[in-house]
Amino acid sequence: MGQDLFSFCPTEARRLLWIVGMLFALILVLQHLELPYGSHLSSVLSARQVPVEKNSSFQARDPSSVVSMVGNESVINRLDDTATHPFHEIAINNRTSVMVSDGSGSSERVLEIDEDEDESGSLVKQNTTLSENSVKNLQTYTVQEGGRKPGNLDKDNTTDITLNTTDPGGNSNASIPTNPPAYSPVNPSLSTSPVVVETDVGAPIISVDSNVTLEGKDQTPPPEKTENSEPLHSGLNEPGKDSSVTGVPVLNKVPKVPALEVYTISDMNKLIHHSQTSYPSVIPKWSSSVDQEMQDAASQIENAPIIRNDRNLYAPIYRNVSMFKRGYELMESTLKIYVYREGQRPIMHTPVLKGIYASEGWFIKQLEDHNKFVTKDPQKAHLYYLPFSSRMLEERLYVQNSHSRKNLVQYLKDYLDMIAGKYPFWNRTGGADHFLVACHDWAPAETKEIMAKCIRSLCNADVKEGFVFGKDASLPETYIQNARNPLRDLGGNRPSKRSTLAFFAGSMHGYVRPILLQHWENKDPDMKIFGKLPKSKGNKNYVRNMKSSKYCICAKGYEVNSPRVVEAIFYECVPVIISDNFVPPFFEVLKWESFAVFVMEKDIPNLKNILLSIPKKRYLQMQMRVRRVQQHFLWHAKPEKYDIFHMILHSIWYNRLHQIKPR
């Protein structure tokens, strides 16, 4: 018996060792293989279902300088200039890689187009040359369980995935982030709670050839709430109790990279074009009929019929007039918005129709009164509106001299917790199909984390303060003096009657305006640069100067935005924007260089020479284009086609479609 046992054990031991060895070898092999959609087996074997997030293939066909189409190609219109396309995408091993020009000529995609523009704005000829190569890169992503739900957020349920690759030259520190790999679970039934890949949405995608690199800039957290701070709650969490802030994405920051001090309009053009071709789309946790409608709309816009001439739309002021018109038509016929009814006035549902924050108030009023776009059935909605006023939030909750906005943010967190607990829609996309419209200076900081995935339409659209190209929209800041007649004094003198070269007047907010006055106040009769003008009935002195000046200086105040940008267009004066890193309104649609002048803050001492260097023919062309674009910046008592209300909606709709994968 003992002998038999002795002979049996070595045999079984050898068999066991052979099986273990084979399993170990198999695991080593599989760890180097990729599953479909670029998944690594090690991720599939994790305890949770891996998130799904893919790259949207809904692409704008135009680069920074494109404003129209000929045939099936984008046509460059940088005022009779040529330009290059630094970006495109090709599929490699089921993964999308961004192709850029590295300046060396070894990795580039160049699209050279010659064009002529007739008086109607039609483009009549083109030549195209194309070459391409690949550039690989490096990026760190955070995988995290998505959605807002009761209970504290489990910060331990996060996984960092680092994609380490090198470019053809052997450099391991590339500057264009790859798209996060999308995963397909081996057994979907193992998890009933899909999760979402989170990237640092505060860091826009960057262009190599323009030397644009960005870091997600940390904002100093607001000071602690003082004892006198009394949050206003609307049936939410009781005052004094911590909100669970359930399901709010906690984003691990990507490694910091050098950032430009100033992003020029050219840099921003490249950033917006890149975002439109590669913004990552979030796959909803469960499907809905509206997803198919959005996919169909995205496909139709991508294949929009070519427009050669349109009575209402002047092609040179648009990046791509064909895609804009088709997207606008689909918005009118398709878009449905659910406005959450919850929330106590005056922070919720209360429009402020006068003053410099009037944009958010007029939008709230006109959307809630506009049955065309609003649906009472949230199941049919393509977008969900969070109807709070950033102005009323500050007015009601901020404790003067406390230097704390903590209770303002807490109020919004509590509101989102209540919405997520009552409805399933926030959790379906993590808030990606929700949007807000906010004009107060503090809105970006208040919403940047708790509403990180929402589409944020912001007046304070600052590249360096968390504005995300391809997701966020720049909201026009409009100063309304008369809510009953917002179009009072519309228009201005014809060009021959504009005797003043440049005009500015305003309070000394921020650091730029004092520099402007230091160099130009009472220094030159052609340059009417003042501080705050004496009060007059109807602000007539200010309006008269706007109407009689060739160029109107739009200098930043405390923040990058200023109501003077829209005022200049309102009075048909060519805007001169002096505000580094400011993203102009409706930037994803309008070609701002065609009707506005951008002057760097450092060039203020040379302001007059810059303006005088613009030929008269160019000035007349720009002034004419200001009149053509004016329709997009006007509030009407009842919304009209292509007006500012519809353009705000279109920007939000357009950016949402860029997150949808067409069929």
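Here H434 passes the criteria (1) without any contact (Cβ under 8 Å) to a residue 40 or more places away in the chain; (2) closer than 24 Å to Q366 by Cβ except the one numbered (1). Screening region 533-639 for helices (runs of 4 or more DSSP H) wholly inside it with 2 or more residues that are within 30 Å of I364 (Cα to Cα) and either in contact with a Phe, Trp or Tyr (Cβ under 8 Å, 6 or more places away or on another chain) or at pLDDT 95 or above (or both) returns the ranges 540-547, 564-570, 616-629. Checking every residue in region 312-323 against the condition of being surrounded by fewer than 22 Cβ atoms within 10 Å (Cβ to Cβ) and in contact with a Pro (Cβ under 7 Å, 6 or more places away or on another chain) gives zero matches.
Flag set for Q295, criterion: in contact with a Lys or Arg (Cβ under 8 Å, 6 or more places away or on another chain), in a helix (DSSP H, G or I) and among the polar types (S, T, N, Q). Just checking, does region 393-408 include any residue being under 23 Å from the mean Cα position of the chain (by Cα) and open to solvent by 10 Å² or more (accessible area, probe 1.4 Å)? Looking for residues that are under 23 Å from the mean Cα position of the chain (by Cα) and open to solvent by 10 Å² or more (accessible area, probe 1.4 Å), one finds none in region 393-408, hence no.
Residues considered: E293, E302, E329. Of these, the only one that is under 20 Å from Y385 (Cα atoms) and open to solvent by 10 Å² or more (accessible area, probe 1.4 Å) is E293. Here's a check for you: in region 335-355, which residue that is farther than 14 Å from M392 by Cβ and more than 22 Å from the chain's Cα centre (by Cα) is surrounded by the fewest Cβ atoms within 10 Å (Cβ to Cβ)? Among those residues, the one meeting the criterion is R341. Against the conditions (1) within 18 Å of S579 (Cα to Cα); (2) under 26 Å from the mean Cα position of the chain (by Cα), L611 satisfies every one except (2). Of the residues making up region 485-516, those that are of a type outside the set (S, T, N, Q) and either touching a Pro at 6+ places or on another chain (Cβ under 7 Å) or in a loop (DSSP other than H, G, I, E, B) (or both) number 15. Being of a type outside the set (G, A, S) and under 17 Å from A432 (Cα atoms) is a property that V321 lacks.
Return the pairs, sorted by first residue and then second, in which the second residue is surrounded by fewer than 17 Cβ atoms within 10 Å (Cβ to Cβ) and of a type outside the set (S, T, N, Q), the first residue lies in region 396-416 and is on the phi > 0 side of the Ramachandran plot, the beta carbons are less than 9 Å apart, and the residues are 6+ apart or on different chains. Once the first residue is on the phi > 0 side of the Ramachandran plot and sits in region 396-416, its partners that are surrounded by fewer than 17 Cβ atoms within 10 Å (Cβ to Cβ) and of a type outside the set (S, T, N, Q) give H403/P223.
Each row is one residue, and each column tells you yes or no for (1) in contact with a strand residue (DSSP E or B) (Cβ under 8 Å, 6 or more places away or on another chain); (2) over 28 Å from L353 (Cα atoms).
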| position | (1), (2) |
| --- | --- |
| E465 | no, no |
| F469 | no, yes |
| N485 | no, no |
| N493 | no, no |
| R498 | yes, yes |
| Q518 | no, yes |
| K532 | no, no |
| K540 | no, no |
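The values are calculated or read from the model by the stated rules, or taken from the named source; none is laboratory data. What you see is a predicted model; the values in this text were computed from it and never measured. Backbone-built Cβ (ideal geometry, glycine too); neighbour counts: all protein chains shown. Calculation scope for accessible area: heavy atoms of the full protein, side chains included, ligands and nucleic acids excluded. Shrake-Rupley method; radii C 1.70, N 1.55, O 1.52, S 1.80 Å.
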